[in-house]
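A.B. asks: I'd like to ask some things about the structure below.
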Amino acid sequence: MSTEPLLRARNLVKEFTVHGGGLLGRSAKFRAVDDVSLDVRSGETLALVGESGSGKSTTARLIARLIDTTSGSVEFAGREVHALTGKALHAYRGEVQVVFQDPYSSLNPKHTVERIVTAPLVYQKRPVPGGARAFTRELMERVGLDPDHSARFPAQFSGGQAQRIGIARALAVSPKLIIADEAVSALDVSVQAQVINLLRRLQDEEGFSYLFIAHDLAVVRQIATRVAVMNEGRIVETGDRDQVFGAPRDPYTRKLLAAVPRIRPEWDAARRRNEAARRKRQEA
Amino acid sequence: MTSTSDERPLLRVRGLTVGFPTAAGTVDVVKSLDFDLARGGALGIVGESGSGKSMTSLAIMGLLPKGAKRTGSIEFDGTELSELREREMQAVRGDRIAMVFQDPLSSLNPYYTVGTQISEAYLSHRTGVTRRQARKVAIEAMERVHIRNAPRRVDHYPHQFSGGMRQRVMIAMTLSMEPDLIIADEPTTALDVTVQAQILDLLAEIRRDTGAGLILITHDLAVVSEVADHLIVMREGDLVEQGAAERIFCDPQEDYTRMLLDAVPRIDDEIGLLRTAAVETGTAEEDR
Amino acid sequence: MIRFLVNRLLGMAVVLFLVCVFTYVIFFVLSPDPAVQICGKNCTPEAIDRIRANLGLDQPFWSQFWTFLTGLFAGRTYGTGANLIDCAAPCLGYSFQSSQPVTEMILQRLPVSATVAIGAAVLWLLAGVSAGLVSAVREGRFTDRFITGLTLTGMSIPNYVLGLSLQFLLVVTLGWLPFPHAVAFGDDPVQWFANFLMPWIVLSIGAAAVYTRLTRANVIETLQENYVRTARAKGLRPGLVWRRHALRPALTPIVTIFGMDFAGLLGGALITETVFGLNGVGKLAADSITKNDQPVIMGVTLLAAFLVVVGNMIVDLLYTTIDPRVRVGSAT
Amino acid sequence: MTFTPTELEAEGAAGGEAIGEPASSSPPASGRRLVRTFLRDRVAVACSAYILIVILMAVFAPLLVKLSGYGPLEFDQSAVDSNLGGLPLGWGGGIGADHWFGVEPGNGRDIFARIVYGARVSMTIALLATALTSVLGVVFGLVAGYFGGRIDMVVSRVMEFLMAFPALIFMIAVLSALPAENRQALLVVVISFFGWPYLARIVRGQTMSLKQREFVESAKASGASSAQIIFKEILPNLSSTIIVMTTLAVPGYVGTEAGLSFLGVGVVPPTPSWGQMIASSVPWYAVDPAYFLFPGAFLFLLVLSFTVLGDRIKKIAESGEARS
């Protein structure tokens, strides 16, 4: 892991104008992201946590350059992202991919899996290695989908499968950074666990970085290398995962952690004992 | 309420089945469910999407969508609900059994003040009540769910409240009648985690103060572990496992329950590959 | 609230101004020279020039438009000297063909048009909303399908076809109704009703059909709302659930559309009045087309535009009182 | 009402908005299944059949007229009674082997021939106006909805302005002021000029909501150009809306053309048009109802067929999208 971060965001600010309407309407400014700085290192997972309205998704969109900043800078591999134009911007879009929250909303309902998965390559004007069909099949296999379903439409898949399609699409251009915006929040818990494991495995294989946006601290703890906590547009605390979860410094982080509902550890401990005993019985 | 013995459960459900007629025959979304809820008890119904947990609650309330067929017995405080006529059921709803829904914004009518909506049940279940009294009841209910400035807020409209406050309004709505049973269907799913904690505390407080029974329907095992003393695990309309909450969390008997418990990411336990029942690359688990 | 009102009024003024410009430009550019028309058959170029000067037609466009605009607010005069014609505010122009200010011509005929329009509006509102409610209650059953069929027919039948058919059937063949002519309500209420009944039906049929469909769709949709389920969960009587939680949200959009449709009625009145020979503003416009009396056509167009813009405005204001989400902004 | 706006608007408000609202869990209805559903619907088939007949009539008008023997502009004084002010001789306005639908009172022109040629005018104008409004509506709606901001403001204001106009009256005013040449082309232009906002508004609304969906962001994040996003990602999701809206627009335009011709500002005589035939039948309807009934019935049935067809297609499209 190099010391130079892959992505370096400095003093990001995003203001939205709230229109008063009409000819005389006064417009107010709302600061959704307020002086946010963060680094994502190569191969790591930085989790950005916060409640709704904390500005975490806006930050993600600023970094993906889906929206423009009010001020501040985003550097990717040493280049200022918001100064990029034309070819260079196009190339940046091939380096950074986004996996969205709602698997159905993020897949065009009128396109087949094959078209969806190869779309980033088409938009990047790159050739599809080995032809669209074979390429899609290979990607589908890698994310745990039946490759024979490549001609199906998104609606014919379950939520977890659809999210796998979204992940496959992100992998198509072999990006260096994947921004996962609440990528597992809409999934049932058993499916969620599978997708988290898939995300981790893919990172091990490919070595890309994640910017993992989530509101669920327990999920974040399973996947993050480092954690940044956001509240009302600001980052209140950044640190290694174990530090943030084990010894949170900011009162808001502490409040957030305290609020997480939890299964009592002693129950989990009892369950592990019982499991072990059962396994022993079965072996006997 | 005083006449019934304390051993008889508040709610006794036997063979509850809910089916929807389709072109390919009736599809059962709840299949022959049996369970009891003790007086003042808190029952958690847990399951993933499509498990039939919400339909179970609507079946108890007699609020199933058009076309749904319900069979089986639902005995509430000695009365067989499935035999009641619609008019008699209306007297039970809101008065004896109250319900809190998942999405507080869409569950509140945007055209009326929260005060109107809170006192609505009171006005229609009690005869000879003046509007003034009803308004007082509404304010009291709002105070009980800790909405500050209740006498002023009572005249506000739902869109003027935040998500958590709206859910408090929904709960206040159930309180105006002092029900014996509150059914909460995913009451905190749409809320932020800090607000969720407040609402869960509030539900616990109300149980303590009123002695009402609670059915909490949720997909979140961690939430249910904090609230319920008794648990039902459902999957695709079937009851997988039921028992005391501690027993199920400590010693689950069914593979599905174990799988669910394994899949829950922990905030203060080991970190590792989340154990999932299906082979992770296999699609069999989700594929239908 | 006051800011909102001022905003809306300003917006309305801008739209009305644009309407005036737009209309004026079209007539200025496209219509044949009125001077030639006035001059008649035995005309010399000098005579035309005299008339042009008299009417100010030799002035540049903007100056003419300015005169027209001031005429709207302060009145104006046409011609000079002995031929001076006074056109009091609001002056919409002067019809040289009938030697009358357009405003006066319109005002004379307004009562008939108003009777036709208001009666039709009442009829379509009552018929449309009640048929829509029945349709929604009986969703999917025979009554619903029957009403749906009727609405499709009502939407499809051109109102002059319906008008002529009704006249042939009820007046010529069966003799149940008189051939419509404008009877004042004060003179003979029964005759008044009998004479206006057909025009009302003809003018309202299309809108009634549309309102039926709208009501049906809105009610069915509202009944699916979560808050209706909440109301039922509170143990409210079905009547109360319907009245309070289904009807009000479902009918609100209808109230608002009604304002616009009512304001836009003049277009429909044009055909209806022509078919029945009722001497209203619509008939005036239709006759002016035949006679190519441009000032009148322009006057009626401006009136119609004015009605629609004002109607829109009223709807907007109404909406703020009906829908609390618009009336009171959110708290935070 | 003869005129479209209210109806289209109502359709848009009631159901139109929902059409493209993509059901989160639905496969795009397969074309073949839709066709099958459609063919099972007897009413829809009957409507299509009638529309087809009128189209065939329009296309083969010269041929049909040869068969029937009289052209649309031919006078036949032998078929009318000049002593009775020109009333057609014989039953039902002169229906017989010579004149299948009878003749016009006064000059004895063959009604069948005029109906057939009138179909040409009606269909041409309505279909051309529909094509033009669809192109304008889709393009402006997509552009306004996708780009938002100032472009949207300008387009929206123009749309509001045009929709706030009492369109029928204004069309009459414009047409009455315009010269009589090229009436049919003028009608198409004028109708389209006032007609496109109704489709554009709905396309705009749906584009705005589709733009919010994450697949659009995803395409953008992959480097898709605006044109690619609009035409490859968004447009396919609007197809059912556009089909339904255009089908529902045709009857409106048929009615508008007929209405304008009825009022004397549409198609100029002697070119036959149904609306104009009805207008000239007004003085005669008491003594010669057939003169009014034929064009009236043809016109009504054509509008009805298109309306019902649009309604059915809308239902099929909706159920196709609702199916999971």
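The values are calculated or read from the model by the stated rules, or taken from the named source; none is laboratory data. What you are looking at is a predicted structure, and each value in this text was computed from that prediction instead of being measured. Note that each Cβ is placed from the backbone with ideal geometry, even for glycine, and that neighbours are counted across all protein chains shown. The accessibility values were calculated without ligands, DNA or RNA, using every heavy atom of the protein model including side chains. Shrake-Rupley method; radii C 1.70, N 1.55, O 1.52, S 1.80 Å.
A.B. asks: Among the residues of the stretch C:295-328, how many are more than 10 Å from chain D (Cβ to nearest Cβ) and among the polar types (S, T, N, Q)?
C.D. replies: Residues flagged as more than 10 Å from chain D (Cβ to nearest Cβ) and among the polar types (S, T, N, Q) within the stretch C:295-328 amount to 2.
A.B. asks: Still on this model: Condition check: within 12 Å of another protein chain (Cβ to nearest Cβ) and within 30 Å of A:ARG254 (Cβ to Cβ). Does B:MET177 satisfy that? If you could, list the steps in order and put the result at the bottom.
C.D. replies: Working: within 12 Å of another protein chain (Cβ to nearest Cβ): yes; within 30 Å of A:ARG254 (Cβ to Cβ): no.
Answer is no for this residue.
A.B. asks: Check every one of the strands (runs of 3 or more DSSP E) wholly within the stretch B:142-243 and list those with 2 or more residues that are more than 17 Å from B:SER107 (Cβ to Cβ). Lay out the reasoning, then the answer.
C.D. replies: Values: elements: B:181-185, B:213-218, B:230-235.
Filter on the stretch B:142-243 gives B:213-218, B:230-235.
A.B. asks: OK, next. Among the residues of the stretch C:218-233, write down those that are touching a residue at least 24 places away in the same chain (Cβ under 8 Å) and in a loop (DSSP other than H, G, I, E, B).
C.D. replies: Residue satisfying the conditions is C:GLU225 alone.
A.B. asks: Which one of the conditions (1) of a type in the set (A, V, I, L, M); (2) open to solvent by less than 10 Å² (accessible area, probe 1.4 Å); (3) not in a helix (DSSP H, G or I) does A:VAL195 fail to meet, given that it meets all the rest?
C.D. replies: (3)
A.B. asks: Now for a different question. Does A:ALA170 qualify as being hydrophobic (A, V, I, L, M, F, W, C), assigned to a helix (DSSP H, G or I) and within 25 Å of A:ARG93 (Cα to Cα)? Please lay out each step first, then the result.
C.D. replies: Details: hydrophobic (A, V, I, L, M, F, W, C): yes; assigned to a helix (DSSP H, G or I): yes; within 25 Å of A:ARG93 (Cα to Cα): yes.
In short, yes.
A.B. asks: Being within 12 Å of another protein chain (Cβ to nearest Cβ) and more than 23 Å from D:LEU301 (Cα to Cα) is the requirement here; does C:PHE193 meet it?
C.D. replies: Working: within 12 Å of another protein chain (Cβ to nearest Cβ): no; more than 23 Å from D:LEU301 (Cα to Cα): yes.
No; evaluated as a whole, the condition is false for this residue.
Yes/no per residue for (1) in a helix (DSSP H, G or I); (2) within 14 Å of chain B (Cβ to nearest Cβ); (3) of a type in the set (Val, Ile, Thr):
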residue	(1), (2), (3)
C:SER204	yes, no, no
C:ALA207	yes, no, no
C:THR212	yes, no, yes
C:ARG216	yes, no, no
C:GLY235	no, yes, no
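A.B. asks: Can you name the residue in the stretch C:164-190 that is open to solvent by 50 Å² or more (accessible area, probe 1.4 Å) and not in a loop (DSSP other than H, G, I, E, B) and is also farthest from D:ASP288 (Cα to Cα) among such residues?
C.D. replies: Within the stretch C:164-190, the match that is farthest from D:ASP288 (Cα to Cα) is C:PRO189.
A.B. asks: Now for a different question. Counting only residues that are touching a residue at least 24 places away in the same chain (Cβ under 8 Å) and within 10 Å of chain B (Cβ to nearest Cβ), how many does the stretch A:198-223 have?
C.D. replies: The initial filter retains those residues of the stretch A:198-223 that are touching a residue at least 24 places away in the same chain (Cβ under 8 Å), namely A:198-199, A:202-203, A:206-223.
Adding the requirement that they be within 10 Å of chain B (Cβ to nearest Cβ) leaves A:198, A:215-223.
Total meeting the criteria: 10.
A.B. asks: In the stretch D:137-148, which residues are open to solvent by less than 60 Å² (accessible area, probe 1.4 Å) and more than 30 Å from C:ILE314 (Cβ to Cβ)?
C.D. replies: D:VAL138, D:LEU142, D:VAL143, D:TYR146
A.B. asks: If D:VAL155 passes every condition in (1) surrounded by 15 or more Cβ atoms within 10 Å (Cβ to Cβ); (2) closer than 27 Å to D:ARG312 by Cβ but one, which one does it miss?
C.D. replies: Unmet condition: (2).
A.B. asks: Does A:PHE100 satisfy being among the aromatic types (Phe, Trp, Tyr), within 11 Å of chain D (Cβ to nearest Cβ) and at negative phi? Spell out the reasoning first.
C.D. replies: Working: among the aromatic types (Phe, Trp, Tyr): yes; within 11 Å of chain D (Cβ to nearest Cβ): yes; at negative phi: yes.
In short, yes.
Conditions tested, residue by residue: (1) closer than 30 Å to B:ARG258 by Cβ; (2) among the basic types (Lys, Arg); (3) within 14 Å of chain A (Cβ to nearest Cβ); (4) not in a helix (DSSP H, G or I).
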position	(1), (2), (3), (4)
B:ARG14	yes, yes, no, yes
B:VAL29	yes, no, no, yes
B:ASP34	yes, no, no, yes
B:GLU48	yes, no, yes, yes
B:THR71	no, no, no, yes
B:SER82	no, no, no, no
B:GLU88	no, no, no, no
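A.B. asks: Looking for something of a type in the set (Asp, Glu) and either within 14 Å of chain A (Cβ to nearest Cβ) or under 25 Å from C:LEU152 (Cα atoms) (or both) - is there at least one such residue anywhere in the stretch D:268-289? Write out each step before concluding.
C.D. replies: Step one: list which residues in the stretch D:268-289 are of a type in the set (Asp, Glu), which gives D:288.
Narrowing the set further to residues that are either within 14 Å of chain A (Cβ to nearest Cβ) or under 25 Å from C:LEU152 (Cα atoms) (or both) leaves none.
Within the stretch D:268-289, not a single residue is of a type in the set (Asp, Glu) and either within 14 Å of chain A (Cβ to nearest Cβ) or under 25 Å from C:LEU152 (Cα atoms) (or both).
A.B. asks: Continuing with this model, one more query. Of a type outside the set (A, V, I, L, M, F, W, C), modelled with pLDDT under 80 and open to solvent by 80 Å² or more (accessible area, probe 1.4 Å): does that describe C:ASP86?
C.D. replies: Working: of a type outside the set (A, V, I, L, M, F, W, C): yes; modelled with pLDDT under 80: yes; open to solvent by 80 Å² or more (accessible area, probe 1.4 Å): yes.
Against the criterion (of a type outside the set (A, V, I, L, M, F, W, C), modelled with pLDDT under 80 and open to solvent by 80 Å² or more (accessible area, probe 1.4 Å)), C:ASP86 qualifies.
A.B. asks: Report every pair of residues separated by at least 6 positions or lying on different chains whose Cβ atoms are under 8 Å apart, first residue within the stretch C:142-156 and among the aliphatic types (A, V, I, L, M), second surrounded by fewer than 18 Cβ atoms within 10 Å (Cβ to Cβ).
C.D. replies: Correct list of pairs: C:ILE147/C:VAL134.
A.B. asks: Okay, moving on. Is there a residue in the stretch B:238-249 that is at pLDDT 90 or above, open to solvent by less than 20 Å² (accessible area, probe 1.4 Å) and more than 10 Å from chain A (Cβ to nearest Cβ)?
C.D. replies: Narrowing the stretch B:238-249 to residues at pLDDT 90 or above: B:238-249.
Adding the requirement that they be open to solvent by less than 20 Å² (accessible area, probe 1.4 Å) leaves B:241, B:243, B:245, B:248-249.
Now drop any that are not more than 10 Å from chain A (Cβ to nearest Cβ), which leaves B:241, B:243.
Scanning the stretch B:238-249, I find at least one residue that is at pLDDT 90 or above, open to solvent by less than 20 Å² (accessible area, probe 1.4 Å) and more than 10 Å from chain A (Cβ to nearest Cβ), so the answer is yes.
A.B. asks: Right, next: If you take the residues of the stretch B:101-119 that are at pLDDT 90 or above and part of a helix (DSSP H, G or I), which of them is most open to solvent (accessible area, probe 1.4 Å)?
C.D. replies: That would be B:THR116.
A.B. asks: Taking the condition of being more than 10 Å from chain D (Cβ to nearest Cβ), of a type outside the set (A, V, I, L, M, F, W, C) and either part of a helix (DSSP H, G or I) or free of Cβ contacts under 8 Å to residues at least 60 places away in the same chain (or both), how many residues in the stretch C:258-286 meet it?
C.D. replies: 3
A.B. asks: Yes or no: the stretch D:278-293 includes at least one residue that is buried (at least 22 other Cβ atoms within 10 Å of the Cβ), in contact with a Lys or Arg (Cβ under 9 Å, 6 or more places away or on another chain) and either at pLDDT below 90 or part of a helix (DSSP H, G or I) (or both).
C.D. replies: Within the stretch D:278-293 (the criterion being buried (at least 22 other Cβ atoms within 10 Å of the Cβ), in contact with a Lys or Arg (Cβ under 9 Å, 6 or more places away or on another chain) and either at pLDDT below 90 or part of a helix (DSSP H, G or I) (or both)), the answer is no, since none of the residues qualifies.
A.B. asks: Please go through (1) among the aliphatic types (A, V, I, L, M); (2) part of a helix (DSSP H, G or I); (3) within 17 Å of the chain's Cα centre (by Cα) for B:ALA134 and return the number of the only condition it doesn't satisfy.
C.D. replies: Here B:ALA134 clears every test but (3).
A.B. asks: Follow-up question, since we're still on this one. Can you tell me which residue among A:VAL143, A:VAL184, A:VAL195, A:VAL229 is touching a residue at least 24 places away in the same chain (Cβ under 8 Å) and under 14 Å from A:GLN97 (Cβ atoms)?
C.D. replies: Residue meeting the stated conditions: A:VAL143.
A.B. asks: Read through the list (1) modelled with pLDDT of 85 or more; (2) away from chain D (no Cβ under 14 Å), then give the number of the only condition that C:GLY149 fails.
C.D. replies: It is condition (2) that C:GLY149 fails.
A.B. asks: Just give me the residues in the stretch C:200-256 being surrounded by fewer than 21 Cβ atoms within 10 Å (Cβ to Cβ), over 30 Å from B:THR174 (Cβ atoms) and either of a type in the set (Ser, Thr, Tyr) or not assigned by TED's automatic domain parsing to the domain that holds C:LEU270 (or both), in sequence order.
C.D. replies: C:THR256
A.B. asks: Need the failing condition index for D:PHE170 against (1) more than 29 Å from D:ALA227 (Cα to Cα); (2) part of a helix (DSSP H, G or I); (3) open to solvent by 10 Å² or more (accessible area, probe 1.4 Å); (4) not small (Gly, Ala, Ser), just the number.
C.D. replies: D:PHE170 satisfies all of (1) more than 29 Å from D:ALA227 (Cα to Cα); (2) part of a helix (DSSP H, G or I); (3) open to solvent by 10 Å² or more (accessible area, probe 1.4 Å); (4) not small (Gly, Ala, Ser) except (3).
A.B. asks: In the stretch B:136-148, is there at least one residue being in contact (Cβ under 8 Å) with a residue 12 or more places away in the chain, closer than 14 Å to B:THR113 by Cβ and open to solvent by 40 Å² or more (accessible area, probe 1.4 Å)?
C.D. replies: no
A.B. asks: Within the stretch C:152-203, which residues are of a type in the set (Ser, Thr, Tyr) and more than 19 Å from the chain's Cα centre (by Cα)? Walk me through it before giving the result.
C.D. replies: Within the stretch C:152-203, the first condition is being of a type in the set (Ser, Thr, Tyr), and the residues that meet it are C:153, C:156, C:160, C:165, C:173.
Once the filter is applied, which keeps residues that are of a type in the set (Ser, Thr, Tyr) and more than 19 Å from the chain's Cα centre (by Cα), the stretch C:152-203 yields C:THR153, C:SER156, C:SER165, C:THR173.
A.B. asks: Only residues that are in contact with a Leu (Cβ under 9 Å, 6 or more places away or on another chain), in a loop (DSSP other than H, G, I, E, B) and within 13 Å of chain B (Cβ to nearest Cβ): list them for the stretch A:173-192, please.
C.D. replies: Passing the criteria: only A:VAL184.
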